[in-house]
Amino acid sequence: MKQVEQDLERMKQSLDKARDVRYRAEAKLEELENQKKRLLGELEELGVKPEMIDTEIEQLESEIERSMQEAWSLIPKELHGHEQQ
């Protein structure tokens, strides 16, 4: 009978642990859903559709590169450091 009691106690502990893990997972899921909602709202405010994020990033990177090249072109070549190619 002692073994049965020990097994039942281990089962109870395992169930308690599983319940705790489930509650933490549910809380994390809720947190992530709230974060997703917030980020989607920010994207909407910026006028960017979620499916267009990659395209938007590429356009912004190109714009930054063009702006950097323009800025370098305005600096006399003799003042360029060794960093600029």
Can you give the log10 of the normalised intensity I(q)/I(0) at q = 0.26 Å⁻¹, computed with Debye over equal Cα scatterers of the chain? -1.15
How far is it, in nm, from the label point at R24 to the one at M52 when both lie 7 Å from their Cα along the line to the Cβ? 4.1 nm
How tilted is helix 53-74 with respect to the longest principal axis of the chain? Cα atoms for both, answer in degrees (0 to 90, nearest 10). 30 degrees
Tell me, what ³J(HN,Hα) does each residue in segment 46-51 have, in order and in whole Hz, if you take phi through Karplus 6.51 cos²θ - 1.76 cosθ + 1.60 with θ = phi - 60° and put x for Gly and Pro? 7, x, 10, 7, x, 6
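Please get the size of the charge dipole for the chain, origin at its Cα centre, with Cβ charges of +1 on Lys and Arg and -1 on Asp and Glu, quoted in debye to the nearest 20. Can you show the working numbers first?
Numbers: 14 positive and 22 negative charges, 164 e Å.
In total the dipole reaches around 780 debye.
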Among M11, L29, S67, pick out the residue whose Cα is farthest towards the positive end of the charge dipole of the chain, where Lys and Arg carry +1 and Asp and Glu carry -1 on C-beta, about the Cα centre. M11
In whole µm²/s, the translational diffusion coefficient that Stokes-Einstein assigns to segment 1-47, given a Kirkwood hydrodynamic radius over C-alpha pairs, 37 °C and 0.692 mPa s, equals 242 µm²/s
Karplus ³J(HN,Hα) for segment 21-38 (6.51 cos²θ - 1.76 cosθ + 1.60, θ = phi - 60°; Hz, whole; x = Gly/Pro) runs 4, 4, 4, 5, 5, 5, 5, 5, 4, 4, 4, 5, 5, 5, 5, 4, 4, 5
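Do the sum for the chain: with -39,500 (n - 2.57) for every DSSP H run of n ≥ 4, divided by all residues, what is the mean residue ellipticity at 222 nm, to the nearest 500 deg cm²/dmol? Show your work: numbers first, answer last.
Details: 2 runs with 67 residues, N = 85.
About -28500 deg cm²/dmol.
Every number in this text was worked out from the coordinates using simple rules, so none of it is lab data. As the structure is a computational prediction, the values presented were derived from the model and not from experiment. Don't worry about glycine lacking a Cβ; one is built from the backbone with ideal geometry, like all the others, and counts go over all protein chains shown.
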